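Chemist: My structure is below; once you've seen it, I'll send some questions.
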Amino acid sequence: MSRDPAPLYDFRALTQADLPLLARWLAEPHMAEWWGDPKTELEQIREHIDSVSVEPLIVELDGRPIAYLQSYDPHMEDDHPFQDQPMGTLGIDLSIGIADLLGKGHGSAILQQLAEDLFDEGAPRLIVDPDPDNARAIRAYEKAGFAAFDTRTTIYGRALMMKRDAAEGTDPE
């Protein structure tokens, strides 16, 4: 019996037209638990649309938007708390927008596909910073090859720092 191949996700730029959908997702209990005030968060995400340091994306599966993802370069923001990471490191934030899709492997599969794409583009390291109490996110990151390396408290709150390096067996720290 052969396993079905992992689904392929499409990553596309977030646009102004996506903001009402994102507002609905941010108000959902599974996202609201880990994000701040939906109106404040939506305004910050809106500002990212034209940002050079943050790339906001919608993740689609079979043409259907299912998740919000952003990647960022911590070295492009003054006083970013993760500037101690190697140059070229990218941070990632991922939230599945549709509650019915939680716990089905989409988070780790999206991260796996994204990691391969970003490593192919030259990123040496990817980092994520889930709340240490967000067990679901931590499991997804671990399944996608991320490993914990630090715990921090930043202006964004408590964070379990997790990394995945481009080449196995190398540690650019």
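The values are calculated or read from the model by the stated rules, or taken from the named source; none is laboratory data. Just so it is clear, the structure is predicted and the values come from calculations on it, not from any experiment. As a convention, Cβ positions derive from the backbone with ideal geometry for all residues, glycine included, and neighbour counts pool all protein chains shown.
Chemist: Among the residues in segment 63-70, are any farther than 22 Å from Ala159 by Cα and loosely packed, with under 15 Cβ neighbours inside 10 Å?
Modeler: yes
Chemist: Let me ask you something else. Condition first: in contact with a Pro (Cβ under 7 Å, 6 or more places away or on another chain) and either surrounded by 15 or more Cβ atoms within 10 Å (Cβ to Cβ) or part of a strand (DSSP E or B) (or both). Now tell me which residues in segment 24-47 satisfy that.
Modeler: Passing the criteria: Leu26, Ile45.
Chemist: Applying the selection to segment 125-142, what residues are farther than 17 Å from Glu55 by Cβ, in contact with a Ser or Thr (Cβ under 7 Å, 6 or more places away or on another chain) and outside any helix (DSSP H, G or I)?
Modeler: Listed by number, the list holds a single entry, Pro132.
Chemist: Separate question: Look through Phe149, Phe119 and report the one residue that is surrounded by fewer than 15 Cβ atoms within 10 Å (Cβ to Cβ) and either of a type in the set (Phe, Trp, Tyr) or part of a helix (DSSP H, G or I) (or both).
Modeler: Phe149
Chemist: Looking at Glu55, Glu60 in this structure, which one is surrounded by 17 or more Cβ atoms within 10 Å (Cβ to Cβ), among the acidic types (Asp, Glu) and either touching a strand residue (DSSP E or B) at 6+ places or on another chain (Cβ under 7 Å) or at pLDDT 95 or above (or both)?
Modeler: Checking each option against the conditions leaves just Glu55.
Chemist: In addition: Only residues in segment 115-129 that are under 13 Å from Met162 (Cα atoms) count as the first member; pair them with residues that are of a type in the set (S, T, N, Q), Cβ under 7 angstrom, at least 6 apart or cross-chain, and list the lot.
Modeler: Arg125/Gln85; Arg125/Thr89; Ile127/Gln85; Ile127/Thr89
Chemist: Any residue in segment 85-103 that's in contact (Cβ under 8 Å) with a residue 12 or more places away in the chain and under 21 Å from Leu118 (Cβ atoms): show its pairings with residues that are surrounded by 16 or more Cβ atoms within 10 Å (Cβ to Cβ) and polar (S, T, N, Q) at Cβ separation under 6 Å, as long as the two are six or more apart or on different chains.
Modeler: Partner pairs satisfying both residue conditions: Leu90/Ser71; Ile92/Ser71; Asp93/Gln70.
Chemist: Which one is nearest to Asp18 (Cα to Cα) among residues in segment 64-81 that are in a loop (DSSP other than H, G, I, E, B) and more than 15 Å from the chain's Cα centre (by Cα)?
Modeler: The extreme case among them is Glu77.
Chemist: Taking segment 83-100 as the search range and keeping residues that are touching a helix residue (DSSP H, G or I) at 6+ places or on another chain (Cβ under 9 Å) and not in a loop (DSSP other than H, G, I, E, B), which one is surrounded by the most Cβ atoms within 10 Å (Cβ to Cβ)?
Modeler: Here the answer is Ile96.
Chemist: Quickly run through segment 5-23 and pick out the residues that are surrounded by fewer than 14 Cβ atoms within 10 Å (Cβ to Cβ) and under 16 Å from the mean Cα position of the chain (by Cα).
Modeler: Within segment 5-23, Arg12, Ala13 meet the criteria.
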